[in-house]
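Report on the following structure.
The values are calculated or read from the model by the stated rules, or taken from the named source; none is laboratory data. These figures come from a predicted structure and were not determined experimentally. Ideal geometry is used to build each Cβ from the backbone, glycine not excepted, and the neighbour counts take in all protein chains shown. Ligands, DNA and RNA are stripped out before the accessible areas are found, and what is left, the full protein with its side chains, is counted by its heavy atoms. Shrake-Rupley method; radii C 1.70, N 1.55, O 1.52, S 1.80 Å.
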Amino acid sequence: MTIATTDRRRIELAGIDIELALHGQGRPLLLLSSEEQLEQDLPLITDLARRHQVIVPSAPGFGRSDRPDWISNPDDIAYLYLELLDKLDLSGIAAVGFSLGGWIATEMATKSPTAFSKLALVSAYGIKFGGPYDVDIQDIWTSHPDKVTAWKWHDANKGKRDFLSMDDEALGVVARNTESFARFCWDPYMHNPKLKRRLHRIKAPTLVIWGENDGLTSPVYGKAYADLIPGARFESIAAAGHYPHVEQPDAFGKILHPFLD
């Protein structure tokens, strides 16, 4: 399904050229994509754009955004996105973050508690609960791709992407996204050691959504994440892995849309 885009532009933030898409009209909503940027091709954006102006930036190194050397982790990206809100003269808006985007949204909410009026986090990374040898988040970089796929998806067929139909530019974006994800999240692996101590600063009503069959970050991890955010509500979705909004879009919408409204 083709997503109708109201505006697609480049915007400069702290000297970085960032790709930005704006969909629909209405109350502003910041949507921070997952590391695979799957959300940008989903009917979900069309649904949200019926009630919101959906603001979708591509993080440095993702999509067609620049990636300077001084951007080295999600913490840096969070500050950059706060600058985006300042540049667009926005505060107290709703935000939805998916996976890596959920981690970045969480960082933003701890740094600027008034940035968001509502916060939805979907399968977010960013926290480590156990000790050095406890596996909170599975190792996707040294594991066999089939195993990683099984961790990500309840139904592996829903995770298949038709790379043969992509042109060289689109394939280059996929490769670049993977490279940037590894660069930003490899060390320390998939978390900010300080973030767990900052979650109490989040003031916005928060909804944490997880797939019941998420093998990358289990629902136990998701519930622990929610428990550290004051007043956060935790919801799980059956027959869904790390991307519940892709595998079970109807069930996902029935949870997300009433929260945002």
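Report the net charge of residues surrounding residue 70, where surrounding means a beta-carbon distance below 13 angstrom and charges are Lys +1, Arg +1, Asp -1, Glu -1.
Values: positive: 67, 183; negative: 66, 69, 75, 76.
Local charge sum for residue 70: -2.
What net charge do the residues around residue 43 carry, taking every other residue with its C-beta under 13 Å from that of residue 43, with Lys and Arg at +1 and Asp and Glu at -1? The partial results should precede the final answer.
Numbers: positive: 50; negative: 39, 41, 47, 250.
Result for the neighbourhood of residue 43: -3.
Quick one: grab the alpha carbon gyration tensor of region 199-261, order the square roots of its eigenvalues as a ≥ b ≥ c, and give me rounded if a/c is under 1.5, else prolate or oblate depending on whether a/b is larger than b/c.
Details: a/c = 2.92, a/b = 1.28, b/c = 2.28.
Since a/c reaches 1.5 but b/c is at least a/b, the shape of region 199-261 is classed as oblate.
Give me the distance between the Cα centres of region 1-66 and region 208-233, rounded to whole Å.
Spelled out, the Cα-based centre of one part sits 25 Å from the other.
When you have a sec, figure out the Kirkwood radius of region 115-261 from all distinct Cα pair distances and drop it here in Å to one decimal? Walk me through the intermediate numbers first.
On the way: mean 1/r = 0.0602 Å⁻¹.
This gives a value of 16.6 Å.
Suppose R0 equals 35 Å. What FRET efficiency, 1/(1 + (r/R0)^6) with r the Cβ-Cβ distance, do residue 183 and residue 158 give to the nearest 0.05?
The computed FRET efficiency comes out at 0.80.
Take each of the peptides 213-223, 172-182, 157-167, average the number of other beta-carbon atoms within 10 Å over its residues, and list them starting from the highest. Display every interim value, and only then the final one.
On the way: 213-223: 19.4, 172-182: 15.5, 157-167: 9.8.
Taking the mean over residues of other Cβ atoms within 10 Å, the ranking is 213-223, 172-182, 157-167.
Could you work out the Kirkwood radius for region 57-200, taking every pair of different alpha carbons, averaging 1/r and inverting it, reported in Å?
Working: mean 1/r = 0.0599 Å⁻¹.
With all distinct Cα pairs of region 57-200 included, I get 16.7 Å.
Of the listed peptides 106-113, 227-234, what is their order by residue-averaged count of other C-beta atoms within 10 Å, with the highest listed first?
On the way: 106-113: 22.0, 227-234: 15.9.
Highest to lowest by the protection proxy: 106-113, 227-234.
Using a 1.4 angstrom probe, figure out how much accessible area region 1-149 has per residue, in square angstrom, rounded to the nearest whole. Before the final figure, lay out the partial values.
Details: 6020 Å² over 149 residues.
I get 40 Å² per residue for this part.
List the DSSP H helices in the chain whose Cα atoms stretch 27 Å or more along the helix axis and whose mean Kyte-Doolittle hydropathy is at least 1.0. All intermediate terms of the calculation are to be shown ahead of the outcome.
Values: long enough: none.
Qualifying helices, which must be both long enough and hydrophobic enough, do not occur.
Let me check against my output: what whole-number percent is the relative contact order of region 1-141, with C-alpha pairs under 8 Å and at least 6 apart? All intermediate terms of the calculation are to be shown ahead of the outcome.
Details: 259 pairs, mean separation 30.9, N = 141.
22 percent.
Before anything else, pin down the relative contact order of the chain: Cα pairs under 8 Å, at least 6 apart, normalised by residue count, whole percent. Working shown, then result.
On the way: 499 pairs, mean separation 46.6, N = 261.
Contact order relative to length: 18 percent.
For residue 196, list the aspartates and glutamates whose Cα falls under 19 Å from its own Cα; do not include residues on the same chain fewer than 8 positions away.
75, 76, 107, 134, 136, 187, 227
In nm, to one decimal, how far is the residue 66 label point from the residue 220 one, both placed 7 Å along Cα→Cβ?
4.5
At a 1.4 Å probe radius, carbon and sulfur cover how many percent of the accessible area of region 1-134? Write down the numbers at each step before the final one.
Values: 2380 of 5030 Å².
Looking at region 1-134 in its full context, I get 47 percent from C and S.
What ranking do 58-64, 144-150 get when scored by the average of other Cβ atoms within 10 Å per residue, highest first? Show your work: numbers first, answer last.
Numbers: 58-64: 21.4, 144-150: 12.6.
My ranking of the peptides, most packed first, is 58-64, 144-150.
Putting +1 on Lys and Arg Cβ atoms and -1 on Asp and Glu Cβ atoms, find which of 37, 24, 14 reaches farthest to the positive end of the dipole of region 3-43.
Ranked along the dipole, the leading option is 24.
Per residue, how much accessible area does region 167-246 have with a 1.4 Å probe, in Å²? Don't skip to the answer; put the middle values down first.
On the way: 3630 Å² over 80 residues.
Each residue of region 167-246 exposes 45 Å² on average to a 1.4 Å probe.
Taking 7 Å along the Cα-to-C-beta vector as the label spot, tell me the residue 261-residue 8 distance in nanometres, rounded to one decimal.
3.0
Once the Cβ-Cβ distance between residue 86 and residue 146 is put in as r, and R0 is 30 Å, what FRET efficiency do you end up with, to the nearest 0.05?
On the way: r = 44 Å, r/R0 = 1.47.
Result of the calculation: an efficiency of 0.10.
How would the chain be classified by its alpha-carbon gyration tensor: rounded, prolate or oblate, with rounded meaning a/c under 1.5 and the a/b versus b/c comparison settling the rest? If you can, show how the numbers build up before the last one.
Details: a/c = 1.17, a/b = 1.07, b/c = 1.09.
The shape class here is rounded.
Setting aside same-chain residues fewer than 8 positions from residue 118, which lysines have a Cα under 19 Å from its Cα?
Once the sequence-local lysines are set aside, what remains near residue 118 is 203, 223, 254.
Would you work out the charge dipole size for the chain about its Cα centre, treating the Cβ of every Lys and Arg as +1 and the Cβ of every Asp and Glu as -1, and quote it to the nearest 20 debye? Walk me through the numbers on the way to the answer.
Working: 28 positive and 35 negative charges, 180 e Å.
The dipole magnitude comes to about 860 debye.
Relative contact order for region 104-209: what percent, with Cα pairs under 8 Å and sequence separation of 6 or more?
Working: 73 pairs, mean separation 65.5, N = 106.
In percent, rounded to a whole number, it is 62.
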